[in-house]
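Notes for the one structure printed next.
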Amino acid sequence: MACRTGPICMEPVVNINFAIQEIKSIEKIQQIFKKEISSCMKKLCHSSILISTPRILEPYSEIEVVTPFESSKMIFNILLNRRAIILNDMPIQGTLHYRILFLIPTINTIGLETDIRYHTQGQSLIIGFFKGWYIVPGYPISNQNNIKKNNIAHNYMKKIRRKKGMSEKINFSNLINESIIMKLLFNK
């Protein structure tokens, strides 16, 4: 319970386990520090997440489009710009229609139906639903400026932090307060 949300975007943390191997001299800690153990553990968990190679998850939707065959190339061009992953595309037997099944980040579905219907003149049928959570390509914490421009995860992290009213950069000094850690370690 020390770490419900992560330090990157203050979103829920998944697939992480922490193991406290040993606690020394817990009896010697003053009453003041007993209240600070929970916040100290939270900061330690957050700093350990940042020291490792954290990743960000984003929701994906699975969408099926049924369209006339001559419109399928336009749909592929639309999907190319929206980070879509084509799962299946094949003609529907006995008809002049084409079926395209793809995964797409849910954030990129905004305006997708409008684009597809506009470019196919309303002749396409679109059905979609939530599929699951997938890792955003790239690393959200990156020190190299040339990588930051093309790093999808870093840009995604900045957008989420900006949307939540947080600064775009993660302040590491907020996570590690050396005086509290030294007092807990050396009982001074």
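Run the numbers for Phe130 and Leu101: contour at 0.36 nm per residue of separation, minus the present Cα-Cα distance, in nm.
9.1 nm
Using a 7 Å offset from Cα along Cα-Cβ at Glu62, what residues in region 83-104 end up with backbone N under 18 Å from the label point?
Label zone hits: 84-90, 99-104.
Using each residue's phi in region 128-137, evaluate 6.51 cos²θ - 1.76 cosθ + 1.60 at θ = phi - 60° and report the 3J(HN,Hα) Karplus result to the nearest Hz, with x for Gly and Pro.
After applying 6.51 cos²θ - 1.76 cosθ + 1.60, I find x, 7, 5, 9, x, 9, 10, 6, 6, x Hz.
Each reported figure results from applying straightforward, stated rules to the coordinates on display, with no laboratory input. Just so we're clear, the structure is a prediction, and the values are computed from it rather than from any experiment. In this analysis, Cβ positions are derived from the backbone assuming ideal geometry, glycine residues included, and neighbour counts consider all displayed protein chains.
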